[in-house]
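Novice: Mind looking over this structure? Questions follow.
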Amino acid sequence: MSVLDDAKQKMQTTIEHLKTDLKGIRSGRANPAMLDGIEAEIYGAKVKLKNIANISAPEPRALVVTPFDPSNIPAVSKAIEKSNLGLQPVNDKTLIRITIPPMDSKLRQEMVKQTKKKGEESKVNIRNTRRDCNELIKKQKAAGDIPEDLMKKQEKQIQELTDKFCKEIEDVVVQKEKDILEV
């Protein structure tokens, strides 16, 4: 695999990771992905909710969690309460209902701040990938594996990739901010 392909793959992975992280940040609407990071203690082991229950958003301000095994409802409910999302699950014997409270402006600003922080962390990862790839290219040049003009060309291409992915990160963060600030 070429250095460029490796850089592109690592940067794409960073974008996917950011998108996954941002799903866990609460926005104005109910989203089943809000519960992705929550694990329940089932049969002595920590298990992700999405692996033991069906999670849906039947309304903009409500989530419904239906465990595949109804005996797991207390453990799932407890895990949701313990999460730092500020949600209050209501046990309905066969399923769990969660009403998503409206966010006040202070909470919205806090969520925007978290979103921007994750975006900046992703940009740092992208820049670290650029640095690592540029160092690798310089080592190849020093070893005599590639000529100087090819090194310069690859450095330029890596910079273009870096710019492209940083722009994509900004777009993803701006879209998430819009979702959070939407009342």
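Novice: Please find, within segment 1-37, the residue that is nearest to Gln114 (Cα to Cα) out of those that are among the aliphatic types (A, V, I, L, M) and touching a Gly at 6+ places or on another chain (Cβ under 9 Å). Before you say what the answer is, go through the steps one by one.
Specialist: Taking segment 1-37 first, the residues among the aliphatic types (A, V, I, L, M) are 1, 3-4, 7, 11, 15, 18, 22, 25, 30, 33-35.
Restricting the remaining residues to those that are touching a Gly at 6+ places or on another chain (Cβ under 9 Å) gives 18, 22, 33-35.
Numbers: Leu18: 12, Leu22: 9, Ala33: 16, Met34: 14, Leu35: 17 Å.
So, considering only residues that are among the aliphatic types (A, V, I, L, M) and touching a Gly at 6+ places or on another chain (Cβ under 9 Å), the one nearest to Gln114 (Cα to Cα) is Leu22.
Novice: I need the full set of residues from segment 68-94 which are in contact with a strand residue (DSSP E or B) (Cβ under 7 Å, 6 or more places away or on another chain) and of a type in the set (A, V, I, L, M), in order please.
Specialist: Result: Ile73, Ala75, Val76, Ala79, Ile80, Leu87, Val90.
Novice: While we're here: Do we find that Lys176 is assigned by TED's automatic domain parsing to the domain that holds Thr13, modelled with pLDDT under 95 and within 23 Å of Lys117 (Cβ to Cβ) in this structure? Reasoning before the result, please.
Specialist: Working: assigned by TED's automatic domain parsing to the domain that holds Thr13: yes; modelled with pLDDT under 95: yes; within 23 Å of Lys117 (Cβ to Cβ): yes.
Taking the combined requirement at face value, the residue satisfies it.
Novice: Pairs, please: C-beta under 9 Å, at least 6 apart or cross-chain, first residue under 19 Å from Gln159 (Cα atoms) and in segment 137-149, second surrounded by 10 or more Cβ atoms within 10 Å (Cβ to Cβ) and among the basic types (Lys, Arg)?
Specialist: Pro147/Lys141; Glu148/Lys141
Novice: Identify all residues within segment 142-154 that are in a helix (DSSP H, G or I), surrounded by fewer than 17 Cβ atoms within 10 Å (Cβ to Cβ) and not small (Gly, Ala, Ser); write none if there are none.
Specialist: Our first condition is that a residue be in a helix (DSSP H, G or I); within segment 142-154, this holds for 142, 148-154.
Going one step further and asking which of them are surrounded by fewer than 17 Cβ atoms within 10 Å (Cβ to Cβ), we end up with 142, 148-150, 152-153.
Correct list: Glu148, Asp149, Leu150, Lys152, Lys153.
Novice: Residues that are in contact with a helix residue (DSSP H, G or I) (Cβ under 6 Å, 6 or more places away or on another chain) and within 30 Å of Thr162 (Cβ to Cβ): does segment 55-64 have at least one?
Specialist: Within segment 55-64 (the criterion being in contact with a helix residue (DSSP H, G or I) (Cβ under 6 Å, 6 or more places away or on another chain) and within 30 Å of Thr162 (Cβ to Cβ)), the answer is no, since none of the residues qualifies.
The values are calculated or read from the model by the stated rules, or taken from the named source; none is laboratory data. Treat the numbers as computed from the prediction; the structure is a model and nothing was measured. No Cβ is skipped: glycine too gets one built from the backbone with ideal geometry, and neighbour counts run over all protein chains shown.
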